[in-house]
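Contents: one structure, followed by commentary.
The values are calculated or read from the model by the stated rules, or taken from the named source; none is laboratory data. Treat the numbers as computed from the prediction; the structure is a model and nothing was measured. Neighbour counts run over all protein chains shown; Cβ positions are idealised from the backbone, glycine included.
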Amino acid sequence: MILYRPDLSRSMTVLSDGGILKAMESGELGIENFIEKNLTPNGYDLTIAEIKVGQDGTTQTAGDVAVAPGKWFAVSTKEYIKCGPQITTQLWIRTSWARKGIISSFGKVDAGFEGTLTLSAYNSSDREVVIPIGQRFAQIVFERLDSPSEKVYAQRSGNYQGQRGVKLA
């Protein structure tokens with residue numbers, strides 16, 4: 001029997017704040033609309049550029065957005081992210097929103113993706129939650145793959161490559 005033994009010397013690595021800055025400096029990673037205060041020890045806080053409440057709702061790009069209890073909404077990030085062929089990410093809602101009853105299900109951002117991010121969320125609380133445009137909403141955690149991807153996002157599907165704003169389809 002052959003056992004799989006991963007090569008831990010080539011495992012995925014989470015970038016620290018300094019690692020993020022170095023990756024940006026080398027061009028391996030890009031964050032347009034970068035704000036230094038949004039840098040965290042192991043990630044970056046993404047800010048809200050626009051919110052669409054409900055599938056058929058209007059998109060709001062300024063002011064405060066009131067999200068009723070039990071209502072779904074989508075957030076677009078102000079930041080335009082550019083991941084090189086060896087950079088992928090995890091997305092996490094900021095706990096300040098989770099404590100207000102906002103829940104979300106995020107995926108990973110593929111190596112080679114570039115664009116703003118559309119994040120899906122839901123107000124699970126029994127109260128209206130007011131969300132200001134420009135507020136920090138989610139944290140993005142950057143990871144370096146053990147090797148560059150053979151085919152980046154644009155070559156695999158690329159459905160949302162280069163997107164700006166809330167994109168639902």
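Couple of notes before you dig in:
- Considering (1) farther than 25 Å from Ser149 by Cα; (2) in a helix (DSSP H, G or I), the lone condition that Ala74 does not fulfil carries the number (2).
- Qualifying residue in the range 70-93 (condition: more than 17 Å from the chain's Cα centre (by Cα) and aliphatic (A, V, I, L, M)): no
- Number of positions in the range 133-169 that are out of contact with any strand residue (DSSP E or B) (no Cβ under 9 Å at 6 or more places or on another chain) and hydroxyl-bearing (Ser, Thr, Tyr): 2
- Residue within the range 147-162 that is in contact with a Ser or Thr (Cβ under 8 Å, 6 or more places away or on another chain), polar (S, T, N, Q) and surrounded by fewer than 18 Cβ atoms within 10 Å (Cβ to Cβ) present: no
- Pairing residues of the range 48-74 that are more than 21 Å from Ala169 (Cβ to Cβ) with residues that are polar (S, T, N, Q) and not in a loop (DSSP other than H, G, I, E, B), at Cβ distances under 7 Å and at least 6 apart in sequence or on separate chains, gives Val67/Asn123; Ala68/Asn123; Pro69/Asn123; Gly70/Asn123.
- Test for Trp97: is it touching a Ser or Thr at 6+ places or on another chain (Cβ under 9 Å) and surrounded by fewer than 18 Cβ atoms within 10 Å (Cβ to Cβ): no
- In the range 142-161, the residues that are over 19 Å from Leu91 (Cα atoms) and assigned to a loop (DSSP other than H, G, I, E, B) reach residues that are modelled with pLDDT under 90 and among the hydrophobic types (A, V, I, L, M, F, W, C) with C-beta atoms within less than 8 angstrom, at least six apart or across chains, in these pairs: Asp146/Met12.
- Enumeration of residues in the range 138-169 that are under 16 Å from the mean Cα position of the chain (by Cα) and among the hydrophobic types (A, V, I, L, M, F, W, C): Ala138, Ile140, Val141, Phe142, Val166, Leu168
- Residue tally, condition aliphatic (A, V, I, L, M) and not in a strand (DSSP E or B), over the range 77-115: 2
- Restricting the range 116-136 to residues that are in a strand (DSSP E or B), more than 22 Å from Ala169 (Cα to Cα) and not β-branched (Val, Ile, Thr), the residue that is farthest from the chain's Cα centre (by Cα): Pro132
- Close Cβ contacts (under 9 Å, 6 or more residues apart or on different chains) running from residues in the range 106-123 that are free of Cβ contacts under 8 Å to residues at least 60 places away in the same chain to residues that are among the acidic types (Asp, Glu) comprise Lys108/Glu143.
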